[in-house]
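Single-structure report; data block below.
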Amino acid sequence: MGELILMKGNEAVAEAAIMAGCRFFAGYPITPQNEIPEYMAKRMFAAGGTFVQAESEIAAINMVYGAAGAGARAMTSSSSPGISLKQEGISYLAGSELPAVICNMQRAGPGLGGIQSAQGDYFQATKGGGHGDYRMVTFGPSTVQELVEVCVDAFDIADRYRNPVMILGDAVLGQMMEPVDLDQAKVKPAPAKPWATTGAKGRKPNIINSLYLQPEVCEKMDYHLQEKYREIEKNEVRVEEVYLDDAEVVGVAYGTPARLVRAAVEKLRDAGLKAGMIRPITLWPFPSASFEKVVAGTAAEAGTGNRVKSFFVVEMSSGQLLEDVRLAVAGRRPIYFHGRMGGMLPEPEVVLAEMRRLLTDPAAVGGEYGLNYVVPALKPEAVAVAVAGAVHARGAGDMGGTGGGAR
Amino acid sequence: MDHEIMMAGFGGQGIMSIGQLLTYAAMREGKKVSYVPAYGPEMRGGTANCTVIVSDRYVGSPLTSAPTGMIVMSPESMAKFQPVVRRGGCLVVNTSLIDEKASRRDIEVIEVPANKLATELGSDRVASMVALGVLAGYTGAVGIDHLAASLKKVLPSHRHNLIPVNEKALEAGAAIGREARERAAVKV
């Protein structure tokens with residue numbers, strides 16, 4: 001254990017990037033993530049790297065494209081409206097197979113929205129905010145310590161798969177200070193990058209490009225990318241499972257709301273109630289296997305997983321993570337949802353009360369303000385169809401298109 | 001026990017500094033702790049506030065809508081935050097700048113002429129430190145020794161000459177807070 005220091009989320013993620021070997025940062029100011037470029041501006045020169053306050057978000061992401069192409073560990077950061085501007089660049093990074101880390105400290109939207117915390121960019125991050133059939137590894141950390149750890153992981157994954165990686169934080173996470181132990185971050189050295197455009201002295205020139213005008217060639221490239229994404233799905237899922245062995249109601253949340261759900265779970269356990277939690281740390285690849293474990297089979301079949309009666313999803317959005325949970329659960333259990341938007345944080349008391357009701361009196365759930373949905377479980381005969389559909393939707397089938405079982 | 005503490009005043013009163021000092025002290029004491037400064041439109045009006053959660057186990061929400069402990073250093077913050085203090089919680093009121101009498105009867109109100117006491121101790125600038133001492137003395141959220149020991153971390157090095165007067169301010173406030181705690185215990 002190293003020394004605990006107090007750091008703001010924004011500063012911690014910037015320091016973690018430097019620790020991970022990030023030597024190029026370009027950004028453009030926007031609340032609530034300004035401490036990231038501020039910290040980089042102060043720190044990057046001494047670290048021997050380059051900091052650029054670009055003329056726009058679009059310029060910044062394209063500078064990152066250039067730096068990544070030249071082999072640097074490169075990063076940009078912004079908040080929701082600014083991240084929208086970067087989408088073209090992210091698609092190009094994916095298409096050209098360039099490693100880069102993008103940090104989004106989400107604020108409320110759509111449009112200019114507001115500067116308080118929200119999670120409305122989940123779809124944009126996990127389903128491809130830019131054009132084309134690409135995927136971006138997306139982390140959804142929930143503490144300042146975890147911001148540090150996933151940032152280091154993000155640079156490593158980006159390099160290993162030559163793919164953009166997003167750290168999807170939120171305003172509260174960026175602004176808050178918490179104790180951090182920087183020594184907990186496991187920094188791995190960057191791999192050799194023989195593909196990088198480094199001047200071509202004594203070798204054939206490398207070309208970095210995403211333009212394939214012949215459809216046959218372009219499809220081949222797309223297949224290659226899809227194979228890579230399947231590898232990432234297989235190897236890079238990060239998840240925290242809390243009391244999943246005997247949980248009857250399982251909370252699901254990422255980022256700041258995950259803290260509220262986690263606290264509620266502990267309080268319910270104190271009261272002898274069987275609450276649990278699946279906390280996705282990677283949002284893509286999504287930890288579907290954690291759900292499969294607890295919903296597989298029917299209630300009649302004995303098994304640890306079959307105690308789960310329902311899921312409870314909490315988000316600072318109208319239900320985006322909810323859709324991935326629906327795909328994973330595939331109609332086998334009811335899913336309850338509680339969401340706030342516009343920069344409003346869910347109330348800890350409401351989260352606790354709703355989860356308690358789910359455990360003790362499910363009929364009374366949904367009485368609190370905020371957006372509350374119930375996605376009912378399907379009839380058993382429909383489940384088989386839904387499960388097959390979900391497997392297809394989350395891409396678990398093999399590349400030959402013959403379909404395949406859930407992992 | 002979880003302490004959900006907020007402090008509010010106007011820019012320049014050292015609100016963020018006492019919030020960070022409390023956070024450092026809690027960390028030093030081995031507690032779980034979080035600090036969130038207000039950075040939105042609420043600070044554009046010239047008021048400043050921050051939230052510190054101190055827990056023995058786990059900090060869930062780093063924000064609170066009903067603080068168990070509240071410091072108000074200015075009339076505006078008194079008007080805004082008196083109503084939100086959790087029933088049974090405490091409100092530290094800086095009577096040097098706030099004329100309004102607290103109307104809540106379901107919370108412990110501790111009136112302290114923080115600026116006056118600070119001036120008597122040698123520097124008007126440690127008024128918020130007096131108030132933090134009161135809150136810590138009353139709630140026991142962190143030890144005064146840990147607050148004092150954390151001053152070096154929070155004050156910039158060119159202000160380290162003010163550490164002794166800050167320590168005196170914390171001690172003076174803590175004595176008032178502890179006294180209020182004893183009075184409250186007798187009432188119960």
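The values are calculated or read from the model by the stated rules, or taken from the named source; none is laboratory data. Just so it is clear, the structure is predicted and the values come from calculations on it, not from any experiment. Reconstructed Cβ throughout: ideal geometry from the backbone, glycine too, with neighbour counts over all protein chains shown. We work out accessible area using only protein heavy atoms, side chains counted, and drop any ligands, DNA or RNA first. Shrake-Rupley method; radii C 1.70, N 1.55, O 1.52, S 1.80 Å.
What the table shows:
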item	result
Most fluctuating residue given options B:32, B:101, B:168, as computed from a GNM of chain B linking Cα atoms under 10 Å	B:101
Potential extension, residue A:3-residue A:186 segment - 0.36 nm per residue separation minus Cα distance	64.3 nm
Solvent-accessible area buried by pairing B with A, both sides, nearest 100 square angstrom, 1.4 angstrom probe	2000
About the Cα centre, charge dipole magnitude for the stretch A:5-235 (Lys/Arg +1, Asp/Glu -1 at Cβ), debye	760
Cα point-scatterer Debye curve for the stretch B:3-187, base-10 log of I(q)/I(0) at q = 0.18, 0.19 Å⁻¹	-1.19, -1.35
Residue A:160-residue A:388 FRET efficiency (beta carbon distance; Förster radius 30 Å; 0.05 resolution)	0.40
Residue-span extension gain [residue A:371 to residue A:53] - 0.36 nm each, minus C-alpha spacing	110.6 nm
Links that overshoot a 27 Å alpha carbon limit, given the list A:293/A:379; A:188/A:234; A:8/A:186; A:274/B:32; A:186/A:234; A:127/A:204	A:127/A:204
Net charge dipole size for the stretch B:3-187 [Lys, Arg +1 and Asp, Glu -1 on Cβ; Debye, nearest 20]	320
Choice from B:24, B:35, B:58 showing the highest fluctuation, given a GNM over chain B with Cα pairs closer than 10 Å	B:58
q = 0.15, 0.19, 0.21 Å⁻¹: log10 I(q)/I(0) that the Debye formula gives for the stretch A:1-131, counting C-alpha atoms only	-0.68, -1.06, -1.25
Solvent-free Debye scattering, log10 I(q)/I(0), computed from the Cα coordinates of the stretch A:72-179 at q = 0.18, 0.24 Å⁻¹	-0.82, -1.35
Helix runs (DSSP H) in chain A reaching 24 Å along axis by Cα, Kyte-Doolittle at least 0.0	A:144-161
Sparsely packed GluC sites (Glu not before Pro) within the stretch A:249-301, loop by DSSP, other Cβ within 10 Å at most 11	A:301
Solvent-accessible heavy-atom area per residue, rounded to whole Å², over the stretch A:230-333 at 1.4 Å	32
Ratio Rg/Rh, restricted to chain A and using Cα atoms, in which Rh is the Kirkwood radius	0.98
Among A:282, A:143, A:50: highest mean-square fluctuation, GNM of chain A, C-alpha pairs under 10 Å	A:50
Length released on extending from residue A:42 to residue A:245, taking residue separation times 0.36 nm less the Cα-Cα span	68.4 nm
Normalised contact order of the stretch A:178-330, rounded percent, pairs of Cα under 8 Å and 6 or more residues apart	22
Length-normalised contact order of chain A in % [C-alpha pairs under 8 Å, at least 6 apart]	15
Listed residue (A:180, A:150, A:71) projecting farthest to the positive dipole end of the stretch A:5-235, Cβ model	A:71
Nearest-0.05 FRET efficiency for residue B:182 and residue B:116, computed from C-beta distance (R0 25 Å)	0.65
Translational diffusion coefficient (Stokes-Einstein; Kirkwood radius from C-alpha pairs) of the stretch A:241-393 at 10 °C, 1.306 mPa s, in µm²/s	104
Loop-located trypsin sites (Lys or Arg not before Pro) in the stretch A:182-280, at most 15 other Cβ atoms within 10 Å (DSSP)	A:186, A:201, A:203
Charged-residue dipole, Cβ positions (Lys, Arg, Asp, Glu), chain A about Cα centre, Debye nearest 20	660
Relative contact order (%) - the stretch A:99-170, alpha-carbon pairs under 8 angstrom, separation at least six	46
